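The values are calculated or read from the model by the stated rules, or taken from the named source; none is laboratory data. Just so it is clear, the model here is predicted, and its values are computed rather than measured. Cβ atoms come from the backbone with ideal geometry, glycine included; neighbour counts cover every protein chain shown. SASA here: full protein model, heavy atoms, side chains in, ligands and nucleic acids out. Shrake-Rupley method; radii C 1.70, N 1.55, O 1.52, S 1.80 Å.
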Amino acid sequence: MSIDRHLRPDEIELLLDGEEGFGVAPLRAHARSCMECQAELESARELMFALDTLPDFAPSPAFADRVMSQVQVFEPWHVAATRAVEQFVPATRSARLAAGLGAAVTAGLATAGATWAVARADMGFVLALLGLESFREQVVAAGSDLLTTVVGQPGLEALRGSTPEVMALALGGFVAVAGMGVVGIRALATSSRSAR
């Protein structure tokens, strides 16, 4: 039984390797009857012979180092973490025991401190509220001093007795006057630079 097509490269390779088996006999029969496949088979044999007769060569001893220096080696995170931790592990057994004892004491103190802080969270909350109240009082006092300086004591008393709308209007007027003052000073500075 012969096949009615040309041999594929893998089939030529089977014949070159001298394989034996059920499907090889039809390939050999076709190669004997087809001139084109005979030529392909002969060309492949010549190539194999030429490759076999090439002299063996050994790369230089530094070849592997040069190649590996250009290869990016993937290092899993756990390996990198282990290497980083190994730098801090003492070499002797007694030093490791002392470091372990120190770590255990530190962890115990940290746990006790955290437990105390959580148990005293209500005290911290009260202290924070007192701090905020004190801060608010400081801001109000500073604002009151600023307004006394700008509008005087009678103006401040008038603002305290007025409605929020009047206070907002007064504040807006103050901001507008202060803004015009800044713009005027800037214009004066610009004109004095131009005159030089």
Self-check item: the range 150-189 versus the range 57-121: alpha-carbon centroid distance in Å
Solution: 63
Quiz item: With axes computed from alpha carbons, what is the tilt in degrees of helix 24-33 against the longest principal axis of the chain, rounded to the nearest 10 within 0 to 90?
Solution: 70
Quiz item: Just one of [x] -1.04, -1.11, -1.24; [y] -0.73, -0.84, -1.11; [z] -0.82, -0.94, -1.19 is log10 I(q)/I(0) by the Debye sum over Cα atoms at q = 0.14, 0.15, 0.17 Å⁻¹ as worked out from the coordinates here. Which one is it?
Solution: [x]
Practice problem: With r as the distance between the Cβ atoms of ARG66 and GLU46 and R0 = 30 Å, compute the FRET efficiency 1/(1 + (r/R0)^6) and round to 0.05. | Solution: 0.30
Practice problem: Please arrange GLU75, GLU36 by accessible surface area, largest first, computed with a 1.4 Å probe and ligands excluded. | Solution: GLU36, GLU75
Self-check item: Accessible heavy-atom area order of VAL79, VAL175, highest first, probe of 1.4 Å
Solution: VAL175, VAL79
Quiz item: For THR149 and VAL183, what does the FRET efficiency come to when R0 = 25 Å and r is the distance between their Cβ atoms, rounded to the nearest 0.05?
Solution: 0.70
Practice problem: For the chain, find the longest principal axis of its Cα atoms and tell me its angle to the long axis of helix 35-53, 0 to 90°, nearest 10. | Solution: 70
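Which chymotrypsin sites (Phe, Trp or Tyr not before Pro) does the range 1-108 hold that lie in a coil by DSSP with at most 12 other beta carbons within 10 Å? Could you put the intermediate results ahead of the total?
Values: sites: PHE22, PHE49, PHE57, PHE63, PHE74, TRP77, PHE88; in loops: PHE22, PHE57, PHE74, PHE88.
Sites meeting the loop and neighbour criteria: PHE22, PHE57, PHE74, PHE88.
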Practice problem: Report, to the nearest whole %, how much of the accessible area of the chain belongs to carbon and sulfur atoms, 1.4 Å probe, protein only. | Solution: 68
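Working out 0.36 nm times the residue gap between ARG8 and ALA95, then minus their Cα-Cα distance, what length gain in nm do you get to one decimal?
Working: separation 87, 0.36 × 87 = 31.32 nm, distance 6.95 nm.
Separation in residues times 0.36 nm, less the Cα-Cα distance, equals 24.4 nm.
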Quiz prompt | Rounded to 10°, Cα long-axis angle of helix 121-160 versus longest principal axis of the chain | solution = 50
Quiz item: Considering amide H positions built from the backbone, and no H for Pro or chain starts, which residues 5 or more places from ILE3, or on another chain, come under 5 Å of its amide H?
Solution: HIS30
Self-check item: Over the chain, relative contact order from alpha-carbon pairs under 8 Å, at least 6 apart, %
Solution: 9
Quiz prompt | Per residue, in Å², the accessible surface of the chain once ligands and nucleic acids are set aside, probe 1.4 Å | solution = 83
